[in-house]
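Right, one structure below, let's go through it.
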Amino acid sequence: MTVLLESEPLPGIVQWILNRPQMRNALDAELVAALRDRIAVQSRRTETRVIMLRAAGAAFCAGLDLKSMLLSGQASDSDNKAEALAFAALLAELRAIPKPTVAVVQGPVFGGGVGLVAACDVAIGAEEAKFCLSEVRLGIIPAIVSPYLMEAIGLRQLRRYALSGEMMGAERARELGLLHEVVPTPALGGEAFRFATDLAQGGPHALRECKELIASLPLDPAGPDRDARLADWLARLRSSEEAQVGIAAMLSRRPPPWTP
C-alpha cells in the first residue's frame, strides 16, 4: 500500500496526502521515510511552487505509530535513537524546504502530527480539527516537536498543553497561532487552494530567500551588524534578474512571468 500519495492538481502546486487512514495516518518508519524522500525530490524541482500537506480519512495524523513505539522500546538504544532522529530530521527538512508549505487539517491531530502542522509555513484547519499533545499520558514527552510548538504557540502555552495533554479545538488553535485560519469543513479544500495560489504569486527565488530570512531572524541580535546584513541582502535581491522583471511587470500593470 502507498503510505504517501502525491499529485499536482494545479500547475506548480503539489499535494502530499498521508495515506494510512485505517491507522489514522500515524507516522511509522515507512511514512517518515516517504515524506523525507518527497522533500528531497521536490526541493530540487524548479516547477514546484507550493506544497500542500493533506491527509486521507477522518483524522489528519494520530502522531507516531503506537505499535512502532512499543517495538522501539524493546530495540537497542542506538536503533531507538535512530528512529527518533529520523523523525527530527523530517520536521527540520519540512521546515527548511525552499518552497512554501501549507498544512490542510481536516480532523484530529495528535503528538507528532501536531509537529507536522507547526513545521509548515501556513496551516488551515476545518472547524472539526482538534489538537492534542498526548505524550505525557503515554509516559513519554513531546521532545522532537517541542521547538516547533514553542515557535507556534509560545513557551507559556506550550507548558500548559504539553503538561496537561488536553485537547485543543480549532478556534483555540487559531487564537494561539497554531492555525492561521479556521473554515467550515465544506470550504476547506477551496480555501486551501486559494492560499496556495496566493503563495504561488511570489517570485520563486524571492520565496526561497524569504524563508531563509525568516529562519535567520531569531538567531540575529538587533544592532548595526544585523541592519547591515539585511541591507546587503535586500540590495542583492533588488539587483537580481527576478526582481527587475517583477518590478517592471508591476510598473507595466501586467503579471510577472512566474504567475500561475
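All of the numbers you see were taken from the coordinates with simple rules; none came from a lab. This is a predicted model, so every value here is computed, not measured. All Cβ positions, even for glycine, are placed from backbone atoms using ideal geometry, and neighbour counts span all protein chains on display.
What to note about this one:
- Contour minus Cα-Cα distance for Glu6 and Ala96 (0.36 nm per residue): 30.5 nm
- Antiparallel beta bridges, as assigned by DSSP with both residues in the chain, represent about 30 percent of the total such bridges.
- Stretchable slack from Cys210 to Leu138, in nm (0.36 nm times residue separation minus alpha-carbon distance): 22.1 nm
- Protection-proxy order for peptides 215-223, 248-256, 32-40, each taking the mean of Cβ atoms within 10 Å per residue, highest first: 32-40, 248-256, 215-223
- Computed FRET value (nearest 0.05) for Ser43 with Arg229, which takes r as the C-beta separation and R₀ as 25 Å: 0.50
- Ascending count of other beta-carbon atoms within 10 Å, so fewest first, for Thr46, Thr101, Thr185, Thr2: Thr46, Thr2, Thr185, Thr101
- Projected label distance in nm at Asp79 and Met250, using a 7 Å step from Cα toward the beta-carbon: 5.6 nm
- Lysines with Cα under 20 Å of Lys67, excluding same-chain neighbours fewer than 8 positions away: Lys81
- If you wrap the tightest convex hull around every Cα atom of the chain and split its volume per residue, you get 149 Å³.
- For Lys99, the lysines whose Cα falls under 16 Å of its own Cα, not counting residues fewer than eight places away in the same chain, are Lys211.
- Between the listed residues Cys132, Ala103, Leu207, the Cα displaced farthest toward the positive end of the dipole of the chain, a dipole computed from Cβ unit charges relative to the Cα centre, is found at Leu207.
- Of all aspartates and glutamates in the structure, the ones whose alpha carbon falls short of 12 Å from that of Lys130, not counting any fewer than 8 places away in one chain, are Glu166, Glu171.
- Hull volume per residue, based on the alpha-carbon atoms of the range 204-251 and their convex hull, is 76 Å³.
- Average Cα contact separation per residue, the chain, under 8 Å, 6 or more apart, as relative contact order %: 16 percent
- Stretchable slack from Arg160 to Ala89, in nm (0.36 nm times residue separation minus alpha-carbon distance): 23.0 nm
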